[in-house]
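Working notes for the structure below.
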Amino acid sequence: MGEPSGQWQSLRVAASAPKNAAEIRVAFNFNGDQNGSYFVDSVTLESQTSSPYLTNLGPQSSSLTLMTAAFGKDGNGQDALFTVAQGDPAQFIVMDVASK
C-alpha cells in the first residue's frame with residue numbers, strides 16, 4: 001500500500017472460491033522479497049453463495065454466424081444490438097452494448 005503513513009488504512013479484497021470449495025484461509029504476508037512489520041486490527045470475512053450481480057442466461061454461444069444487425073434501444077431505453085444467429089432454429093439475440 002505504499003510508504004508507511006503512521007495511520008490506519010482500510011483495505012478491501014474480493015475473491016472467488018472454486019466451486020465446491022470446503023474451506024477458506026485468510027493470510028497476511030509481504031509480496032516477493034519484501035520484509036517489515038504491519039499490524040492487523042480487524043478482519044471481516046463475508047461469504048455469498050453466488051455473485052449478486054451475475055445472472056445465469058443459459059449456455060454461452062461460442063460460435064455464431066451473424067448476417068446483419070441493427071442498433072436501437074431495448075425495453076428499458078438502453079442501447080442494444082439486435083441480430084439473428086443462423087442455425088436451426090435461428091436465435092434472436094439482444095445484446096447490451098454497454099457491457100463487456
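Values in this text are rule-based calculations from the coordinates and carry no lab data. Keep in mind that this is a model prediction, so the values were computed, not measured. Cβ coordinates were reconstructed from backbone atoms using ideal geometry, including for glycine residues, and neighbour counts include every protein chain displayed.
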Checklist entry - How large is ³J(HN,Hα), in whole Hz, for each residue of segment 88-96 in order, when computed from phi with the Karplus curve 6.51 cos²θ - 1.76 cosθ + 1.60 and θ = phi - 60°, using x for Gly and Pro? => result 10, x, 5, 10, 7, 10, 10, 10, 6
Item to check | Pairwise label distance in nanometres, Val26 with Asp88, each label 7 Å out on the Cα-Cβ vector | outcome: 5.7
Next on the checklist: Skipping prolines and chain starts, which residues have an amide H placed within reach, meaning under 5 Å, of the one on Val84, given they are 5 or more residues away or on another chain?
Outcome noted: Met67, Thr68, Ile93
